[in-house]
Amino acid sequence: GSLPKWVVNRVSQFVAPKAMKKIYKAGLKYPEWKRKHDPGYKPWVYPEQNTLPSVSLAELSVQHADSLENIDETGLSE
């Protein structure tokens, strides 16, 4: 279902600022944390450090939003 607008507005007034404050505080501590935890490992800067397997372009396909709405999940268990 959908949430009432007043719920979304209330949550965005209180929860979002608290989350942003926590993310900001964590970001301030990151440089010190990274100095202690493998400071040279930066696969986002140096792709050769990436140890994840690559995905073949042939395995990728374009999915359109209208096809995602008709996914049958009746056989899935929780």
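The values are calculated or read from the model by the stated rules, or taken from the named source; none is laboratory data. Remember, it's a predicted structure, so these values are computed and weren't measured experimentally. The protein model used for the area step is the full one, side chains on, heavy atoms only, and it has no ligands, DNA or RNA in it. Shrake-Rupley method; radii C 1.70, N 1.55, O 1.52, S 1.80 Å.
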Item to check | Residues being outside any loop (DSSP other than H, G, I, E, B), open to solvent by 80 Å² or more (accessible area, probe 1.4 Å) and not hydrophobic (A, V, I, L, M, F, W, C) - total across segment 1-21 | outcome: 6
Next on the checklist: For segment 22-78, give me each residue that is modelled with pLDDT under 90, in a helix (DSSP H, G or I), of a type in the set (A, V, I, L, M, F, W, C) and open to solvent by 100 Å² or more (accessible area, probe 1.4 Å).
Outcome noted: Leu57
